[in-house]
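Below you'll find the structure, written out as structure tokens, and then a few comments.
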Amino acid sequence: MNYISRKNIPENTIEERAYQTNIAKHALEGNTLVVLPTGMGKTTIALLAAAERIEKGKILMLAPTKPLVEQHYRYFSKNLIIDENDIAMFTGTTPHEKREKLWAESKFCVSTPEVIKNDLIAGRYDLSGVSLLIVDECHRTVGNYAYVFIGERYNATAVRPLVLGMTASPGYDSEHVAEICQHLSIEIVESRVETDADVRPYVHEREIEYRTVELPEELWLAVSVLNSMIEERLTKLSDLNYHVVKREMLSMKALNAIMAQIQTRMRERDKTAYTAVSVHAEIMKLKHGVLLAESQGSTALKAYLYKLESEGLSGSGSKASKRIYEDARFKRLLALCEGWTKELHPKADEVVRIIREQLIESADSKIIVFVTYRDGVSMIVDKLNEAGITASRFVGQASRDSEKGLSQKQQIDAIRRFREGEYSVLVATSVGEEGLDIPSTDMVIFYESVPSEVRSIQRKGRTGRNSSGKIVVLITKGTTDETYRWVSSSKEKQMQKGVKAMRSGDVPKTPSVEKSSQLSLAEAVSRDEPDLENKPQITIDNRELHSKVAERLSAADAKISLAQLPVGDYAAGSRVLIERKTIQDFVDTLVDRDLFGQIKSLSESSIRPVLIIEGGTIADLYEVRNISQNAVRNTLASIAVDFDVSILFTKDADETAEMIYAFARRDVGEKHEKTLHRAKSSKSMNESVEYILTAFPDVGPKAAREILRRFGSLKNIVSASKEDLMSVEGVGDKTASGILAAAEFVWRDR
């Protein structure tokens with residue numbers, strides 16, 4: 001066996017493979033997309049590239065999950081000659097102060113993308129000195145995922161940018177692949193398939209078996225009831241002159257086509273569209289019930305039916321849930337499922353049978369079972385444990401309903417224990433599909449077919465990495481399982497064809513994919529007028545970090561800080577507090593939540609409160625939901641007049657960011673200091689005194705109310721001693737001293 005002999009890589013540690021060496025060599029010539037089958041060593045290619053580029057600057061490697069980040073950290077710590085203090089690992093649990101220090105000191109950083117994105121927005125560091133950006137599982141570089149922001153920012157700001165994107169499954173859609181390439185500024189494509197001559201010697205056999213099971217009578221009955229409810233609602237849409245397919249042909253594509261018709265009618269202000277939206281929502285919910293019954297089983301279906309019942313009985317539940325609950329057929333179905341005391345679907349017992357057979361054949365086998373829903377994960381783990389088979393669940397962090405998620409630390413620990421043989425079986429949701437390197441996994445079981453070729457390939461890739469493996473896919477006869485099997489298979493073949501086509505090195509491009517300009521805001525303001533002595537200050541609420549507005553603002557010449565704002569989404573300078581709502585969110589908050597409560601808090605918390613409604617004009621508000629134009633107009637009038645909140649409409653995130661930046665610039669310099677505290681009209685005497693108090697240093701609205709409640713008048717307040725002021729809840733030494741100093745200044749001037 002020949003080993004890699006390269007500078008910065010330990011001798012006799014990694015087998016040298018010609019295709020890896022060739023790909024890594026080309027990857028050093030320009031931004032490269034590497035498409036390689038799972039188990040073929042994409043990380044080794046990244047190692048070869050990193051070993052060359054680390055002397056030119058910092059290496060940044062991104063991976064979508066903490067377990068993957070931890071896995072890469074261990075790999076590069078072991079296989080790259082680097083001091084342990086020069087390699088850092090960032091996750092959301094690493095305090096940002098520590099991240100700043102580690103970034104400054106390290107030569108190699110492995111991180112989840114959200115952490116890097118947030119730090120870039122906050123201006124904690126930049127990517128100018130990064131000599132290589134490695135993007136693992138880069139098929140995620142689409143839409144609003146953090147990879148998009150980082151890729152574009154890196155290519156725009158790095159002194160010597162070089163990108164290495166890696167994936168086993170770029171997707172079957174050429175436009176999807178083109179979007180990945182656009183966002184990462186890909187110049188070179190290196191792709192291989194398992195049948196290529198230079199790859200074939202390293203491919204291990206993977207046997208794929210499809211096992212069919214029959215749906216039991218009780219679940220067939222449940223499916224029939226749900227289908228009859230769907231039929232009725234499709235007829236209702238047809239009666240409203242919408243084109244609908246037969247229930248047997250009702251796929252997600254067909255449902256999306258119906259929604260497109262509804263949205264067209266909405267734009268035309270057709271009143272039937274609002275009824276149609278709710279009916280469409282009912283169909284979606286019922287269709288999901290059918291899917292659970294057919295592919296998941298009675299446990300998952302029962303939990304879902306109870307959830308619909310709870311929504312239907314709740315005052316805050318949707319109209320769709322209420323109408324489903326009021327349907328007599330649904331209530332009969334609820335009564336039927338009360339008798340389901342154990343899992344009825346044969347898949348659960350089949351999983352136990354398959355795993356028992358595998359363990360008899362090879363007692364040390366490691367097996368992964370993939371299940372789409374958490375209810376199914378818990379049920380299967382219980383089934384296996386009852387059968388005397390050691391199993392552990394592997395799910396995401398979020399906790400929903402009764403299902404508690406696993407923290408990232410718990411996820412890493414679960415993988416470690418599985419790798420070390422403490423458990424024979426890992427039962428995982430989609431969080432376990434991407435990239436996990438567990439070399440000795442002998443078998444992967446699909447509890448259900450998945451229609452996504454990306455997910456299917458990722459699941460299959462968990463076995464057959466260093467030795468032969470087996471894949472078993474469970475199919476419920478005559479159900480969506482069969483449909484999804486053929487859909488996925490067709491997409492996989494189409495993707496393989498596309499991967500082969502990319503071997504020409506041509507980068508996929510389509511006219512419909514446009515790369516956004518992250519620096520447009522900074523360029524625009526620099527053209528308006530020269531740089532100011534002091535940078536504008538903008539505070540972004542942490543919950544806004546997913547928005548394009550935050551991304552655009554981070555490119556501006558401003559000092560950005562992140563905080564958990566108690567009120568509002570953005571603070572521009574010291575005077576302006578901004579609540580941002582999309583057209584849809586504004587109307588939804590008006591109808592379903594407490595819009596006026598939010599506006600009242602905004603008004604009370606700021607000298608210059610502003611509401612930005614993004615995505616259109618007043619006319620667009622009329623078209624969102626079935627709400628009268630008068631109600632919208634009266635709401636806007638009340639916000640402006642009764643609460644003294646300025647209302648602005650912007651067309652998109654770019655314009656919102658530019659508006660916020662403009663507000664922040666108004667607060668820079670001395671020429672605006674005289675307007676720090678403007679008068680407001682129509683206030684009671686107490687409100688006026690409270691308002692005056694908020695002009696004192698460090699006195700907010702809440703403290704002002706407490707001080708006035710304690711002393712009764714402004715005269716008593718300014719005459720009070722420091723000790724008396726500090727006796728008020730929320731008033732400390734600094735605030736009391738500020739009040740007294742301001743009072744002394746006022747009386748002295750008189």
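The values are calculated or read from the model by the stated rules, or taken from the named source; none is laboratory data. Keep in mind it's a predicted model, so treat the numbers as computed, not measured. All Cβ positions, even for glycine, are placed from backbone atoms using ideal geometry, and neighbour counts span all protein chains on display. Keep in mind that these areas ignore ligands, DNA and RNA; they rest on the heavy atoms of the full protein, side chains included. Shrake-Rupley method; radii C 1.70, N 1.55, O 1.52, S 1.80 Å.
A few points about this structure:
- Efficiency of FRET from Cβ geometry, residue 256 and residue 210, R₀ 25 Å, rounded to 0.05: 0.30
- Nearest-0.05 FRET efficiency for residue 28 and residue 288, computed from C-beta distance (R0 35 Å): 0.15
- Close amide-amide hydrogen proximity is noted between residue 206 and 469, each under 5 Å apart and 5 or more residues distant or on a separate chain (H modeled in the peptide plane; Pro and chain starts excluded).
- Taking amide hydrogens as placed 1.01 Å from N in the peptide plane, the amide H of residue 134 sits under 5 Å from those of 60, 61, 62, 164, each at least 5 positions away in sequence or on another chain.
- The solvent-accessible area of residue 307, taken with every protein chain present and a 1.4 Å probe, is close to 100 Å².
- Centre separation in Å (Cα based) which lies between the range 726-743 and the range 563-636: 34 Å
- Rounded to the nearest 10 square angstrom, residue 627 shows an accessible area of 40 square angstrom against a 1.4 Å probe.
- In sequence order, calculated HN-Hα J values of the range 713-721 (Karplus, 6.51, -1.76, 1.60; Hz; x Gly/Pro): 8, 5, 4, 5, 5, 6, 8, 6, 7
- Taking every protein chain into account, the accessible area of the range 1-151 amounts to 36 square angstrom per residue (probe 1.4 Å).
- Protein heavy-atom surface of the range 1-68, 1.4 angstrom probe: 42% of the accessible area is carbon and sulfur, with nucleic acids and ligands not counted.
- Computed on the chain, with alpha-carbon pairs under 8 angstrom and 6+ residues apart, the relative contact order is 11 percent.
- Per-pair calculated FRET efficiency, R0 = 51 Å: residue 646 and residue 217 via Cβ, rounded to 0.05: 0.20
- Part-to-part distance (alpha-carbon centres) for the range 160-185 and the range 1-76, which is given in Å: 18 Å
- Apportionment of accessible area to carbon and sulfur, the range 78-122, percent (1.4 Å): 49 percent
- Under the criterion of Cα pairs below 8 Å and six or more residues apart, the relative contact order for the range 132-252 equals 20 percent.
- Cβ charges +1 (Lys, Arg) and -1 (Asp, Glu), total dipole of the chain, debye: 600 debye
- Cross-link pairs 307/404; 236/285; 319/342; 236/319 - those with Cα-Cα distance over 21 Å: 319/342
- Simple Cβ-charge dipole of the range 217-360, Lys/Arg +1 and Asp/Glu -1, about Cα centre, in debye nearest 20: 540 debye
- For the range 542-548, 3J(HN,Hα) computed residue by residue from phi via the Karplus equation (6.51, -1.76, 1.60; θ = phi - 60°) reads 4, 6, 8, 5, 7, 7, 5 Hz, glycine and proline entered as x.
- The share of accessible area on the range 271-408 that comes from carbon and sulfur is 50 percent, using a 1.4 angstrom probe.
- Partner lysines for residue 715 [C-alpha distance under 29 Å; skip if fewer than 8 residues away on the same chain]: 600, 674, 680, 683, 702, 734
- Note on residue 637 and residue 594: the extension gain reaches 13.8 nm, defined as 0.36 nm multiplied by sequence separation minus the Cα-Cα distance.
- The modelled label-to-label distance for the pair residue 500/residue 173, using points 7 Å beyond Cα in the direction of Cβ, is 2.4 nm.
- Within the range 220-245, backbone nitrogen closer than 12 Å to the virtual label 7 Å beyond the Cα of residue 326 toward Cβ: none
- Spacing of the modelled spin labels on residue 617 and residue 274, each 7 Å from Cα toward Cβ, amounts to 2.2 nm.
- Ordered from highest to lowest accessible area with the whole protein assembly present and a 1.4 Å probe, 347, 287 read as 287, 347.
- The range 225-279-the range 336-402 distance, computed between alpha-carbon centres (Å): 37 Å
- Length added when fully stretched, residue 385-residue 246, from 0.36 nm per residue minus Cα-Cα: 45.7 nm
- Net length gained if the chain between residue 3 and residue 542 were fully extended (0.36 nm per residue, minus Cα distance): 189.3 nm
- When each of 460/497; 253/287; 25/491 is checked by Cα-Cα distance, pairs over 21 Å: 25/491
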